[in-house]
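What follows is calculated from the coordinates using simple rules that are stated; it is not laboratory data. Quantities reported herein were computed from a predicted structural model and do not represent experimental measurements. With ideal geometry, Cβ positions are generated from the backbone for all residues, glycine too; neighbour counts draw on all protein chains shown.
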Amino acid sequence: MNINQHLEKARASLASLNKLDASQDALAIIDGTLIVGYHLGNALLHTHGVCEPCVHFNTPSKLERPVHTLPAPVRPGFEAFDALETLRTRYVRNPGELDANAVRDARRLLDTMARECGVTV
Amino acid sequence: MLIRDHLARVESFDRSLARLDPIDDTELYVVFLMRAATNRVNAALHALDLTEEGPVARTVRIGDMNHTYKPPMDFELPGELHAAFRALKSIEDLRPEYVRGPQRLTPQLAASCRQAYAEVVAATDAILKREKAPS
């Protein structure tokens, strides 16, 4: 998908995420931030010429290079994406005890990614 | 994860799904439906003692499955879970076009998703009720 398609999907997914209740849907919010992050992250990669629109990376762990080797403008967004993936591993795929702090962290990390892409959260 | 942890996750994702519209919220709806179904399948596999409940040491049998294809199964899938696996795979297969791709679910596809999930629920509930194994 091209940059605009990714940003459109990111906005749509963000609107869905905002329908959830932080106190009752913590697990879904953590998982959902990865979906929004996927679209924002790939928009960043395409914008800065890391990969063509026909190529995509599902998560930072699937990226074929370490995050610190990405171009400088992509790095803050991908560091946030990487941290979101860590939260998903800890809480969605493992029995980590979720609390309000984890949800706040996830939203803060997503805010960073959105800011890097010029998307309003 | 323990069966009770999987079932807690099922309950949580089911509750979140109820707040979403399958068409307007396609991306999250498909993923959350997949998560709920995957946790149901994992609980059933643990209850049947086919996969390891709890932490898994290397070299022993597999623990939780992230997807129907990952990790590769080291056991023969019982017939009573064939339909559930097919149904879960049908949800997983929506991701390239509907979660990561540009498409939005149609009313027909949304109905198919709900039907697929209902098949997972029916198959796994039958096993969990019979085995009465939640720890």
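Of note:
- Residues of region B:94-108 that are assigned to a helix (DSSP H, G or I), touching a residue at least 40 places away in the same chain (Cβ under 8 Å) and within 14 Å of another protein chain (Cβ to nearest Cβ): B:95, B:98, B:99.
- Residue within region A:68-86 that is in contact with a Leu (Cβ under 6 Å, 6 or more places away or on another chain), within 12 Å of chain B (Cβ to nearest Cβ) and touching a residue at least 24 places away in the same chain (Cβ under 8 Å) present: no
- Residue in region B:109-119 that is surrounded by 14 or more Cβ atoms within 10 Å (Cβ to Cβ), under 27 Å from residue B:18 (Cα atoms), without any contact (Cβ under 8 Å) to a residue 60 or more places away in the chain and within 14 Å of another protein chain (Cβ to nearest Cβ) present: no
- Residues of region A:1-10 satisfying the condition of being crowded, with 18+ Cβ neighbours inside 10 Å and either more than 8 Å from every other protein chain (Cβ to nearest Cβ) or more than 21 Å from residue A:120 (Cβ to Cβ) (or both): A:6, A:7, A:10
- Filtered residues of region A:64-116 (kept if under 23 Å from residue B:42 (Cβ atoms) and not in a helix (DSSP H, G or I)): A:92, A:93, A:94, A:95, A:96, A:97, A:98
- Figure legend. Inter-residue proximity from region B:72-93: first residues within 26 Å of residue B:60 (Cα to Cα), second residues of a type outside the set (Gly, Ala, Ser) and exposed (fewer than 15 other Cβ atoms within 10 Å of the Cβ), beta-carbon distance below 6 Å, spacing 6+ or different chains. Indicated pairs: B:74/B:61.
- Enumeration of residues in region B:1-42 that are at the interface with chain A (Cβ under 10 Å from one of its Cβ atoms), closer than 15 Å to residue B:113 by Cβ and among the basic types (Lys, Arg): B:35
- Pairing residues of region A:90-101 that are on the phi < 0 side of the Ramachandran plot with residues that are of a type in the set (D, E, K, R) and in a helix (DSSP H, G or I), at Cβ distances under 8 Å and at least 6 apart in sequence or on separate chains, gives A:92/A:31; A:92/B:9; A:92/B:35; A:95/B:5; A:96/A:90.
- Test: residue in region A:67-77 that is closer than 20 Å to residue B:99 by Cβ and surrounded by 17 or more Cβ atoms within 10 Å (Cβ to Cβ): yes
- Note on region B:11-26: residues that are aliphatic (A, V, I, L, M), free of Cβ contacts under 8 Å to residues at least 24 places away in the same chain and either touching a Leu at 6+ places or on another chain (Cβ under 9 Å) or surrounded by 14 or more Cβ atoms within 10 Å (Cβ to Cβ) (or both) amount to 2.
- Residue count for region A:15-63 under the criterion of being more than 15 Å from residue A:109 (Cβ to Cβ) and outside any loop (DSSP other than H, G, I, E, B): the result is 11.
- Selection over region B:60-107 of residues that are more than 15 Å from residue B:27 (Cβ to Cβ), within 16 Å of the chain's Cα centre (by Cα) and of a type in the set (A, V, I, L, M) gives a count of 8.
- Within region A:14-34, tally of residues that are within 19 Å of residue B:98 (Cβ to Cβ), surrounded by fewer than 24 Cβ atoms within 10 Å (Cβ to Cβ) and within 11 Å of the chain's Cα centre (by Cα): 2
- Residue list for region B:71-93, restricted to those being among the acidic types (Asp, Glu) and either over 21 Å from residue B:14 (Cα atoms) or assigned to a helix (DSSP H, G or I) (or both): B:74, B:76, B:80, B:92
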